Every structure is written in structure tokens, then in C-alpha cells.
Amino acid sequence: MLSRTAECLFWLARYAERAANVARGLSVAYRMDGIVGQAGGEAEEWRALLTASGGEAGFHRKYETVTPDAVVHWLVHDTDNPSGILACFEAARHNARTVRTALTVDMWESLNDSWNHLRTLPPEATEGEKLPDFLSWVRSRVMLFNGAAADTMLRQEAWRFVHLGTMLERADNTARLCDVRHHQLSPAADGASEYVHWQAALRSVSALRAYHWVYRERLDPKRIVDLMILRPELPRSLVACYGEVLETLEGIAVGQGGRRGECHRLAGEIHARLRYGRLDAIFEQGLHDFLTEMIGLTARLGSEIESFYIRG
Amino acid sequence: MSQAKAFDEMSGLDGEIRAPYAEIARWLRDTPRELLYRKRQEAEMLFRRIGITFAVYGEGGDPERLIPFDLIPRIIARSEWEVLAGGLRQRVRALNLFLADIYAKQEILRAVKVPADLILGNELLRPEMKDFVPPGGIYTHICGIDVVRTGPEDFYVLEDNCRTPSGVSYMLENREAMLRLFPRLCARHRLAPISRYPEELLTTLKAAAPASCKGEPTVVILTPGPYNSAYYEHCFLADEMGVEVVEGADLFVQEKVVYMRTTAGPKRVDVIYRRIDDEYLDPEAFLPDSMLGVPGLMAAYRAGNVALANAPGCGIADDKAIYPYVPDMIRFYLNEEPLIGNVPTHLCEREEDRKYVLANLDKLVVKLTKGSGGYGMMVGPHATAEMREEFRKRIIANPGNYIAQPTLALSTVPTVAEQGVAPRHVDLRPFVLTSGEEIRIVPGGLTRVALREGSLVVNSSQGGGTKDTWVLDDALVEAVTAELGMGQAQANGRG
């Protein structure tokens with residue numbers, strides 16, 4: 001496959017996944033606003049969301065204070081924010097248009113329809129109580145795209161680069177979301193006051209129900225960390241995402257007669273640490289430390305993949 | 001000539017319905033206008049959804065526009081088509097022979113059939129092509145010939161497009177749209193199928209592979225990228241042929257061999273269907289600051305390691321200043337009389353012609369010799385006095401840049417307009433594929449229609465639209481049924 005095609009597919013999937021992740025984050029913040037808003041802690045939640053999205057510096061260059069409206073505008077409409085929902089769809093659609101021939105009609109139409117809808121979206125459509133509907137629309141559009149990819153793409157290299165992009169972006173997102181709440185998730189955290197944050201952490205990866213199914217116990221920060229990082233059953237856990245990343249990279253290598261590079265080794269190493277690592281060891285290292293390292297490794301893996309398959 | 005009433009392809013000059021349009025006339029009579037308007041909206045949604053747009057960046061407004069699609073098909077009888085196709089084959093054969101001659105012995109100049117200074121001083125002549133014979137001796141593999149009609153028997157070539165003609169994706173998508181919107185109307189006609197065009201194109205491109213290529217040639221389409229107005233078409237054709245669409249940066253040349261960068265390492269390329277202009281092909285040979293091209297491409301080409309379709313330097317054959325001499329080329333190379341004529345053309349460079357043009361600016365269409373897309377032209381009878389004065393000055397300042405033609409009463413076809421169905425002027429661009437001795441033309445082409453009342457300018461950049469073009473085939477009764485089945489298969493499973 002053309003290297004540029006692989007690059008576009010990889011980024012197309014990353015941007016689509018990112019849009020949905022931002023929407024998930026916003027839904028949680030909106031909900032938290034209703035719960036803790038009255039207690040005066042509202043800005044905290046929105047600030048955490050900004051940190052998780054990685055665009056804090058950019059935000060402060062344009063906006064003076066962290067208000068819900070400003071954060072929503074920044075994370076939805078502002079095209080100066082490369083991780084904003086509109087910007088993500090724009091970038092995803094641009095990549096898709098560039099490599100149309102590598103997509104199936106269903107994938108293209110799901111993205112193109114979303115883009116056509118978004119580009120005529122009035123700013124009022126995300127104001128106040130309309131926000132949750134909009135956010136669930138975004139999530140459903142990305143699920144439609146992911147479903148179209150899973151249901152219609154030939155299981156060849158094109159599919160693998162799409163899947164690789166989705167999974168790497170998802171791993172990065174889970175690590176970041178877990179990290180912004182590392183205080184509340186540390187073993188010393190006080191259950192009574194942090195309970196809503198635990199719920200929020202789980203909701204942000206769509207895992208609140210999953211928690212109950214896996215543990216059948218009350219919420220507990222150690223188990224939440226276990227679920228988000230080490231449990232292969234949860235499709236958004238770090239280990240699950242890395243399992244997919246590793247398998248997908250292997251699939252590409254096998255398809256090319258066994259050609260492998262540093263990206264394959266690194267993916268194997270990261271996966272092994274997650275697959276065979278102990279929860280206690282994570283807390284010994286420090287949750288924040290561990291997650292910062294994971295975020296760094298994920299970024300490095302991304303550039304190793306690019307240097308092997310795209311710039312190679 | 002401008003006052004003459006235009007020939008309507010449905011109702012002729014006298015209002016009597018012509019035979020090929022009998023069924024369409026009945027259908028138009030029985031179809032409520034509201035239904036047509038609704039279908040038109042449906043068509044627009046279809047095109048938007050599939051993303052059949054042409055990109056216009058840097059003009060403000062929507063950067064991705066739809067070319068308006070008109071629902072009423074344009075019909076050509078098989079017998080008319082056969083005459084036309086014969087003329088097209090003849091013309092393209094002559095154009096290829098002309099190119100081969102111009103880049104070699106230049107016999108036509110020595111025979112003084114074409115003035116030497118028109119050729120030798122022309123910036124479209126590519127010295128890089130001198131004394132080099134492209135694989136198979138073919139220069140313009142894919143040629144779009146613009147044809148206009150003024151009467152029942154009267155077809156004229158308005159323009160040759162020997163470089164990188166576009167529009168064929170609209171020809172194909174318009175048919176798909178008609179089959180989806182009006183399956184029964186299509187079924188009641190015996191439409192000559194056109195859906196095999198991509199296959200014919202691939203056959204043509206493979207046949208262009210250089211002799212050095214052993215085994216199955218690797219074909220690619222070279223595009224300027226997503227910002228190009230015809231990007232959709234480049235992808236569409238690549239998809240239909242199952243070949244890669246590449247940008248300049250995806251290719252590189254090593255020891256005069258062209259490779260594309262793939263995830264599995266470099267892969268050799270044998271045939272490049274390039275949709276970028278000559279000047280941008282290779283910064284080492286042409287414009288040094290071109291970012292679109294591939295450094296070293298021309299050296300690889302001249303070494304016989306890769307084929308380019310079309311060959312560089314084809315512009316010398318479709319220059320509007322050369323156009324008046326095409327009938328003479330046909331006589332000179334083929335020893336035949338032209339089957340389709342030219343529109344009489346005045347070259348402003350010739351003093352006698354210039355005098356006539358300046359005295360008749362209100363009757364003539366003036367065009368830039370190097371212009372295209374309907375830019376830089378003036379339709380005299382529709383122009384204001386100021387515009388005519390402006391063109392007078394320009395012609396006097398640079399006579400060599402202008403030609404003029406009588407304002408033809410282009411034929412009209414019924415079209416869905418704001419106030420119901422009304423006649424609008426059309427032209428036709430059939431696509432002619434050449435490989436070796438064989439010339440392939442799928443029956444039909446792209447019909448462009450000037451949507452504004454009275455307008456003679458059909459270019460999409462100037463508010464023109466398109467129609468499906470039907471060649472009615474008596475011999476192929478089953479064809480439309482077959483094509484119907486195929487249309488659905490594509491709708492469900494392309495990709």
C-alpha cells in the first residue's frame with residue numbers, strides 16, 4: 001500500500017476516535033457540573049478536561065478564565081484547537097477525501113454526512129441543555145464510522161492501519177483520563193468526597209456498568225485503576241488497546257512476509273508490561289509517574305510506526 | 001448567425017418531435033413538474049453524499065461545489081453517433097500523427113500546411129520531446145474532443161483537448177444517477193452502455209507500457225492532490241480501475257527508474273496516467289519550484305523506463321491557434337477529407353483576419369488561444385460595449401493571443417429550468433482512447449449545458465451543468481437491463 005495512504009488511514013482513525021473521546025469527556029464534565037457545580041468546584045472539572053485533552057496552553061492563549069462556555073467552545077467549535085470536535089472531523093474528512101479509494105462507501109458516507117452536518121452547525125446547537133444531545137450525536141457518528149470500518153473493510157493492510165490508529169488513540173486517551181484523576185484514584189483517597197470522581201473516571205471510558213459486572217463490589221480506586229489499565233475484558237483499558245495494537249502490527253508484518261522494525265519490538269514491550277505487570281507495582285512507582293511514562297511510550301510508538309511504514 | 005433560431009434536438013426547427021426523443025417527449029408531458037423538482041433535489045443529495053464535487057479553492061464561498069446535474073437526458077441516435085465516432089477516430093489519428101511528426105521530421109512544416117512560426121515559436125512546443133518516440137508512438141492516449149451541433153446533420157469540432165481532459169467521471173456518474181432516479185425511463189430506451197469506460201482506459205494505459213516492462217505493468221494516476229478541481233475524478237478512475245492514485249511526493253526516481261513509496265518498501269511504476277500539467281511534471285526538466293512533480297521523471301521517461309499518458313508536449317496539437325489547421329492535418333497525414341468539420345476560425349495574428357474580427361466584434365466569439373475553462377473569452381452579441389472595447393484593445397496589443405469564431409446557434413435540449421422545462425444550449429465531449437492501432441470510444445460523452453437562458457457558455461466554472469448522454473442502441477436490447485443490474489451492484493458495493 002502507498003505509504004501516504006497508510007498515513008491518511010492511520011490519522012483518519014485517530015481523529016475520529018479523538019472526536020468521540022472529547023465528546024465523552026465533555027459529557028462527563030457537563031454531568032459533574034450539575035452535581036458539584038453548586039459546591040463551587042465547577043471550574044476544577046472543566047480544567048481537568050482541558051488537561052486531559054492536552055490543549056491547556058492553547059486555551060489560555062485565547063481565553064482568560066476557565067468557564068464552562070469557554071471550554072465547550074474550545075473543545076467543540078474552535079478550529080484553532082486541533083483536538084476540537086469540529087477540527088477532528090475536518091481533519092478526518094480531509095484525510096478520508098485524500099484516500100477515498102482506500103475506504104469503503106459506507107465509511108466515506110458516514111464521515112462525509114457527519115462533516116456536511118457539522119459544517120452548517122449553528123453555535124447555538126451546543127448551548128446549554130442542547131449540549132448532551134449534540135455530544136451523543138458525535139459519539140454515535142463515530143460509532144457508525146467504526147462500525148462501517150469493522151463491517152465493510154477487507155481485512156487487509158488498509159483495515160489494519162485504520163484499526164491501529166483507533167487503538168493507539170484510544171490507549172492514549174485512557175491513559176490521559178486516568179492521569180487527570182490520579183489524586184482521587186490514589187489508594188489514600190477519601191471515599192466520601194471522591195466518589196463522584198470515581199464515577200466520572202469510569203464514565204469517561206464508558207465503563208461504569210462494566211465495573212459492576214467485572215467486580216460486583218462497591219467502587220474502589222484500586223479496582224478502578226485495575227480496570228482501566230490492566231483488565232483485558234474492558235475494551236478501553238490500556239492493556240486491551242495495546243493487545244489490539246500488537247496484534248495489528250503483527251498482522252501487517254506477517255502480510256509483508258515478516259518485515260519488522262523497532263515499532264514491533266516496542267509495542268511488544270509495552271504490551272508485556274501491561275499484560276504481566278502487577279497493580280501494586282504501579283502504585284509503588286506512583287500512578288501519575290506510571291501514566292506519564294505510558295503517555296510518553298504511546299507517543300514514541302506512534303512515531304516509530306510512522307518512521308517504519310510511512311517515512312521508511 | 002447569432003440571430004438564427006437554434007436547432008432543438010427534441011423538437012427540431014419546426015417544433016415536430018424528432019424520433020429519438022419520442023419517449024422523452026411523452027415522459028415530459030406526463031411527469032408533473034413538482035416531481036421533476038423533487039427528483040432534482042434527490043439527485044443533488046445523491047451527488048453531495050457520494051462527494052461528487054469539484055473543488056474551487058481561493059475564490060471564497062463553498063470550496064466544494066456541485067456541478068448542477070440536469071435530469072433530462074440528451075439523446076443521440078445510433079446512426080448519428082456512428083458518423084460522429086468515425087470523425088472522432090479520424091481526427092485523433094491525425095492529431096497523434098501530427099505530434100509524432102512535429103517532434104521528429106516536421107514534414108508538415110516543410111510542406112507548408114501549417115505555418116512554421118506558429119509551431120516553432122510556440123511555448124507549448126516541448127524541446128524536451130524532440131527526437132524522442134514515446135512507447136507505441138502514441139502521444140495523446142486520452143483525448144476529449146468538444147463537439148457542437150447546429151442542425152440535424154451539422155456537427156462541428158469546437159475544440160480539441162489533447163493534454164489532460166477531464167469530465168469522464170461525470171459522464172459515468174450521470175448515468176448511475178439516471179439509472180437510480182428513473183430506472184423505468186431508462187429501461188424503456190435501449191441505451192448503449194458506457195460503464196466499461198474504466199476497463200477500456202486501463203487496457204489503453206497498459207498497452208502504453210514501455211518495452212522494458214516485463215509482465216503485468218503497474219499503472220498509477222498522478223494527481224496534483226485534493227485541492228485540484230478534478231480530484232474526485234482522479235480517485236474515481238483509480239478506484240474503478242483498481243490502481244493507486246499518487247501525488248508527486250509518493251514517487252521517486254532512482255537510476256532512471258520510477259518507484260512509489262509503499263508500506264512494504266519501494267515499488268516500481270511502469271505507466272503514469274498523469275493529471276498534472278507538463279510544466280509541473282518534473283522540477284528538473286520544467287518549472288524548478290514545482291512541488292507537484294517528481295524530480296528525474298523526464299530522464300526516466302526518456303530512458304524508456306516509464307510511460308506517461310498523455311505524453312508531454314501534446315499542447316502543441318490542441319492550441320487554439322493550431323486548431324484551424326486540423327482539417328489540413330487530416331488531409332496531409334491520412335489523405336482523407338475530414339468527416340467532421342471545424343468551426344470557421346479567424347486568427348487575429350493574420351492581418352486580414354484581424355481587420356474582419358475588429359469590424360465584427362458584436363457578432364463573433366473571441367477566445368484566448370491559451371485559455372480554457374471559459375475564462376478569457378467574450379461572446380460578442382452578449383457583450384457590453386465596454387467589454388467589446390476592452391477586447392479590441394487586447395487584440396490590438398497581442399493579436400497572436402486571440403482567435404475569433406462566428407457565434408454559433410448551438411443546439412438546445414429541454415432542461416429543467418426555474419420556470420418549468422425550457423431549451424438550453426449544449427455541447428458534447430466524447431472521450432477517445434488510443435493505443436497502437438486501436439481507438440476506443442464509449443458511445444456518448446459528457447454533455448455540458450449552459451443553464452442560463454440564452455447563454456452559450458457551458459463550462460462548469462461559468463455556471464454550466466451536465467446531462468446524461470444517451471446513444472440509443474437498437475442492437476443491444478439487453479444492454480440496459482445489464483447496466484441496471486450493474487448500477488445496483490456498484491451502489492451497494494463500491495470500495
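The values are calculated or read from the model by the stated rules, or taken from the named source; none is laboratory data. Because the structure is a prediction, the values reported are computed rather than measured. Neighbour counts are summed over all protein chains in view; Cβ atoms, including those assigned to glycine, are modelled from backbone coordinates with ideal geometry. For accessibility, only protein heavy atoms count, side chains too; no ligands or nucleic acids. Shrake-Rupley method; radii C 1.70, N 1.55, O 1.52, S 1.80 Å.
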Of all residues in segment B:274-285, count the ones that are surrounded by fewer than 21 Cβ atoms within 10 Å (Cβ to Cβ) and either among the hydroxyl-bearing types (Ser, Thr, Tyr) or touching a Pro at 6+ places or on another chain (Cβ under 8 Å) (or both). 3
Taking the residues in segment B:139-178 that are hydrophobic (A, V, I, L, M, F, W, C) and open to solvent by 10 Å² or more (accessible area, probe 1.4 Å) as candidates, determine which candidate is farthest from the chain's Cα centre (by Cα). B:155
Looking only at segment B:37-52, which residues are away from chain A (no Cβ under 14 Å) and closer than 16 Å to residue B:186 by Cβ? B:39, B:42, B:43
Could you list, in sequence order, all residues of segment A:74-108 that are away from chain B (no Cβ under 12 Å) and either in contact (Cβ under 8 Å) with a residue 40 or more places away in the chain or of a type in the set (Ser, Thr, Tyr) (or both)? A:75, A:76, A:77, A:79, A:83, A:84, A:85, A:88, A:89, A:91, A:92
On the given criteria, is residue A:87 more than 22 Å from residue A:137 (Cβ to Cβ), of a type in the set (A, V, I, L, M), in a helix (DSSP H, G or I) and open to solvent by 10 Å² or more (accessible area, probe 1.4 Å)? no
Only one residue in B:245, B:257 is within 11 Å of chain A (Cβ to nearest Cβ) and on the phi < 0 side of the Ramachandran plot. Which one? B:245
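So that you can scan it fast, the table gives a plain yes or no per residue for (1) of a type in the set (Ser, Thr, Tyr); (2) at pLDDT below 95; (3) closer than 28 Å to residue B:168 by Cβ:
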{"site": "B:94", "(1), (2), (3)": "no, no, yes"}
{"site": "B:99", "(1), (2), (3)": "no, no, yes"}
{"site": "B:109", "(1), (2), (3)": "no, no, no"}
{"site": "B:122", "(1), (2), (3)": "no, yes, yes"}
{"site": "B:138", "(1), (2), (3)": "no, no, yes"}
{"site": "B:141", "(1), (2), (3)": "no, no, yes"}
{"site": "B:145", "(1), (2), (3)": "no, no, yes"}
{"site": "B:151", "(1), (2), (3)": "no, yes, yes"}
Filtered residues of segment A:302-312 (kept if surrounded by fewer than 16 Cβ atoms within 10 Å (Cβ to Cβ) and more than 14 Å from chain B (Cβ to nearest Cβ)): A:303
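Can you confirm whether segment B:428-435 contains a residue that is under 20 Å from residue B:7 (Cβ atoms), open to solvent by less than 10 Å² (accessible area, probe 1.4 Å) and part of a strand (DSSP E or B)?
The answer is yes, given that some residue of segment B:428-435 is under 20 Å from residue B:7 (Cβ atoms), open to solvent by less than 10 Å² (accessible area, probe 1.4 Å) and part of a strand (DSSP E or B).
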Looking at (1) under 19 Å from the mean Cα position of the chain (by Cα); (2) open to solvent by less than 30 Å² (accessible area, probe 1.4 Å), which one does residue A:107 not meet, given that it meets all the others? (1)
Residues that are open to solvent by 30 Å² or more (accessible area, probe 1.4 Å) and either among the aliphatic types (A, V, I, L, M) or within 14 Å of chain B (Cβ to nearest Cβ) (or both): does segment A:170-183 have at least one? yes
Restricting segment B:262-273 to residues that are surrounded by 20 or more Cβ atoms within 10 Å (Cβ to Cβ) and touching a residue at least 12 places away in the same chain (Cβ under 8 Å), the residue that is nearest to the other protein chains (Cβ to nearest Cβ): B:269
Among the numbered conditions (1) under 13 Å from the mean Cα position of the chain (by Cα); (2) closer than 30 Å to residue A:101 by Cα, tell me where residue A:206 comes up short. (2)
Could you identify the single residue in B:466, B:434, B:415, B:447 that is at pLDDT 95 or above and outside the structural domain of residue B:35 (by TED's automatic domain parsing)? B:415
Which number in (1) assigned to a helix (DSSP H, G or I); (2) open to solvent by less than 30 Å² (accessible area, probe 1.4 Å); (3) closer than 30 Å to residue B:302 by Cα marks the one condition that residue B:93 misses? (2)
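Please work out if residue A:10 is within 21 Å of residue A:156 (Cβ to Cβ) and either free of Cβ contacts under 8 Å to residues at least 12 places away in the same chain or part of a helix (DSSP H, G or I) (or both).
Taking the combined requirement at face value, the residue satisfies it.
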Return yes when residue B:100 is free of Cβ contacts under 8 Å to residues at least 60 places away in the same chain, under 30 Å from residue B:438 (Cβ atoms) and assigned to a loop (DSSP other than H, G, I, E, B) and no when it is not. no
When you look at residue A:57, is it small (Gly, Ala, Ser) and within 14 Å of chain B (Cβ to nearest Cβ), yes or no? no
Kindly provide the set of residues from segment A:114-129 that are more than 7 Å from every other protein chain (Cβ to nearest Cβ), of a type outside the set (A, V, I, L, M, F, W, C) and not in a loop (DSSP other than H, G, I, E, B), ordered by number. A:114, A:117, A:123, A:124, A:126, A:128, A:129
Spans of helices (runs of 4 or more DSSP H) in segment B:326-413 with at least 2 residues over 16 Å from residue B:160 (Cβ atoms): B:351-359, B:385-397
Residues of segment B:401-427 satisfying the condition of being open to solvent by 10 Å² or more (accessible area, probe 1.4 Å) and over 23 Å from residue B:36 (Cα atoms): B:401, B:402, B:406, B:408, B:409, B:410
Candidates B:334, B:368, filtered to the one that is within 16 Å of residue B:92 (Cα to Cα) and either touching a residue at least 60 places away in the same chain (Cβ under 8 Å) or under 25 Å from the mean Cα position of the chain (by Cα) (or both): B:334
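Among the residues of segment A:130-157, what is the count of those that are among the aromatic types (Phe, Trp, Tyr) and either within 12 Å of chain B (Cβ to nearest Cβ) or within 21 Å of residue A:5 (Cα to Cα) (or both)?
Residues in segment A:130-157 being among the aromatic types (Phe, Trp, Tyr) and either within 12 Å of chain B (Cβ to nearest Cβ) or within 21 Å of residue A:5 (Cα to Cα) (or both): 1 in total.
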I need a count of the residues in segment B:206-251 that are open to solvent by 50 Å² or more (accessible area, probe 1.4 Å), of a type outside the set (D, E, K, R) and more than 24 Å from residue B:172 (Cβ to Cβ). 4
